[in-house]
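The values are calculated or read from the model by the stated rules, or taken from the named source; none is laboratory data. Remember, predicted model here, so these are calculated numbers, not experimental data. Note that we place each Cβ from the backbone using ideal geometry, even for glycine, and neighbour counts take in every protein chain shown. Accessible surface areas use protein heavy atoms only, side chains included; no ligands, DNA or RNA. Shrake-Rupley method; radii C 1.70, N 1.55, O 1.52, S 1.80 Å.
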Amino acid sequence: MKVLFKLLWILLIAGILEACNASGRLEYALECAATNKGELEKVLEHYKDEPEKYKAACFLIENMPYHYALEGEELDSLKTVLASADAYGVMLKDTAVPDWDYYTPSGLQRKPDVLNIRAEFLINNIDLAFDGWKKRPWNASLSFADFCEWLLPYRIGNETPDNWRQIYHDRYSFLLDEVYTGIDVVEAISVVWEYLQKEDPYRFTWVFNYPHLGGEYLLHNRIGKCQDACDFMIYVMRAIGVPVAYDFYTFNAETRKGHVWNVVRDVTGVCLPFTFPSRKPERGSFYIDSRRPSVVYRRCFGRQWDMDGDFMRNRSVPAAFKDVFARKVSDNYFDSNLELPVEGMDGNYVYVGLFSAYGWRGIDFTKVESGKALFRNLASRQVYILLAFANGQYRPIGNPFYFDGKDIHPYVADTSKCYSAELYRKYPLSERIRNYMGGIKDGHFEAACDKDFKNAELLCTVKDTPGINYNHVILEKPVRGRYARFCSSAEGYAEVAEMHFYKGEEEIVPIDSWGDAPATANTFAYQVYDNEPLSYFISSKPGASVTVDFGKVVTIDNFMYMPRNDDNFVRIGDYYELFYWGEGCWNSLGKKMAEKPFLPYDGIPSGALLYLHDST
């Protein structure tokens, strides 16, 4: 009985403290509102007799001081240009956007929500969000706290708030009121997802750096990056009562560069990933992409108040880990824990890091307890290193290691045992890139004097997936022709990064090019001879071709082709330096220029982690 009484007393005190904290947050937000305070008080007054909606209004208002819109004439001009893009995401440059290629939103004006959100807007948003919550059967298991994050928010990021919820509701609610009236949230998303695909194809383009574009804009202009596609799905789904958010990972905590995707909260509480317009949610599948993230976060509207105060004030913790609107959700994706011994650092924070263009950078942290650092729900099959952080710098602790999900396998350089190797790549070949390169398999190259290739001569057939990106073919006998092309197999798509034709060592430069219906944004036929390995042509149908025109009949006796790839292969003509990790730093094994599509190196210590740097 005493134990029960003590427990009840603890819960009571905790409840009082939470209520006091919430009350203080609300008072703080209202004070921050200044002249807009009356508008927010109207909302609270409006819901004074509806406890649940009043609590929802408090949640939104308490978090308003930390949200804002980015606005400015430059952004308006940029959005106009984005809207002008064609079906492949290609747009014309416009003098209305200064410094076009280096546009940044850093100069835009911040408009704090707490100073600008009006009562009518907030009330309409809350009422519609509640309608979707109560109406859809899959939301019966959605708690109020989850409702506040998955359905209620009036914004996603730093876009200008608009009447998106009403507009999207009016346009798409029929899909769940008439077309699909079942109780399965995954099937509901599938129905909506397929409708959106047919309604207006999404156009991907990765140009420019800009803030979130906003609901009304994306409704009428299906264009942008992965983030914009995620935003669009959130607007659609939340407006019709489907709990959807977005998760993300970063390659390192400082740059915040990485990938984003949508998640839907299933009735079991599990969050299923999906992307528009490429992948629908599927129970039991947590596939994100083949780049294998290590730690995953979910973007929240509500400030994560449970972050430890000492942690937030600790200067030995990088600012990137103090994002109060990012909730770590790696447990939804990974079940492996990494435990490492750490001597003499009890009570201090340590980090697990990945190697990036900026060197070793932390991607997760923990506090050392009893001489051990435990990182929970960390992805396996990665190369990590333990790091300390002080004075704005990371310091490696020990050697890097490979984590297989259970055990660690350290990379320890043994300079007494060395070997020789030919290095073809700077980074291991992933399944995703291998699949890209395989797109050229069973295709063939041919040349002809006539444009319709009626009397074409075969140059070569690609019999297997290339092992390298630079593939040089010397013909048994010279071939004459004005035109040359790559033709994909009956099942494959014409997908080529580069193809260059020569007579001896002299390149024959085309004057024109064309291909069968480019399939994606910013893929053009001329990109097969632009000397840029990361650009490529890909057709929209199998059994297609991409053709170059030399302007006159020429003689070809050798040529080079390159499949779509990630440009991590050795480039002929570039200068490289090879390093190995040993004694807490990178040690050089020498610089050299690549004369072939590989680099020969001697004296490589066995057991060492290697880093090949392209100095060019």
Under the classification rounded if a/c is under 1.5, otherwise prolate if a/b is larger than b/c and oblate if not, where does region 442-562 fall, given a ≥ b ≥ c as square roots of the Cα gyration tensor eigenvalues? rounded
Where does each of 467-479, 537-549 land if you order them by average Cβ count within 10 Å, highest first? 537-549, 467-479
Angle check, please: helix 37-46 long axis (alpha carbons) against the longest principal axis of the chain (alpha carbons), in degrees 0 to 90, nearest 10. 70 degrees
Given a 1.4 angstrom probe, I'd like the percentage of the accessible area of the chain that is carbon and sulfur, rounded to a whole number. 51 percent
Which three extents, in whole angstrom, do the alpha-carbon atoms of region 181-322 cover along their principal axes, largest first? 51, 39, 30
Please give the FRET efficiency for TRP514 paired with MET312, using the beta carbon to beta carbon distance and R0 = 60 Å, rounded to the nearest 0.05. 0.55
Would you work out the relative contact order for the chain, in percent, from Cα pairs under 8 angstrom that are 6 or more residues apart? 9 percent
Counting Lys and Arg as +1 and Asp and Glu as -1, each charge on the Cβ, what is the dipole of region 318-445 about the Cα centre in debye, to the nearest 20? 380 debye
Going by amide H atoms built from the backbone, whose H comes under 5 Å of the H on GLN382, apart from near neighbours? PHE403
How many Å² of accessible area per residue for the chain, probe 1.4 Å? 49 Å²
Karplus 3J(HN,Hα) series, Hz, for region 603-610 with 6.51 cos²θ - 1.76 cosθ + 1.60 (x for Gly, Pro): x, 7, x, 5, x, 8, 7, 10
Name the residues whose placed amide hydrogens come within less than 5 Å of the amide hydrogen of GLY362, ignoring near sequence neighbours (fewer than 5 apart) on the same chain. ALA253
So for the chain, what are the equivalent ellipsoid semi-axes in whole Å, largest first, each being the square root of 5 times an eigenvalue of the Cα gyration tensor? 49, 35, 21
Highest mean packing first, using Cβ neighbours within 10 angstrom, the peptides 226-234, 323-331, 198-206, 58-66 sort as 226-234, 58-66, 323-331, 198-206
Applying the Karplus parametrisation 6.51 cos²θ - 1.76 cosθ + 1.60 with θ = phi - 60° to the phi angles of region 145-160, what ³J(HN,Hα) value in whole Hz is obtained for each residue in order, glycine and proline being reported as x? 4, 5, 4, 5, 9, 8, 10, 6, x, 8, 9, 10, x, 10, 6, 6
If the cut-off is a Cα-Cα distance under 18 Å, which lysines reach LYS592, setting aside same-chain residues fewer than 8 apart in sequence? LYS426
Applied in sequence order to region 452-465, the curve 6.51 cos²θ - 1.76 cosθ + 1.60 (Karplus, θ = phi - 60°) yields integer Hz couplings, x standing for Gly and Pro, of 8, 6, 5, 10, 6, 10, 6, 8, 5, 10, 8, 7, 8, 5
Unit charges on C-beta of K, R, D, E only; dipole of the chain, Debye: 980 debye
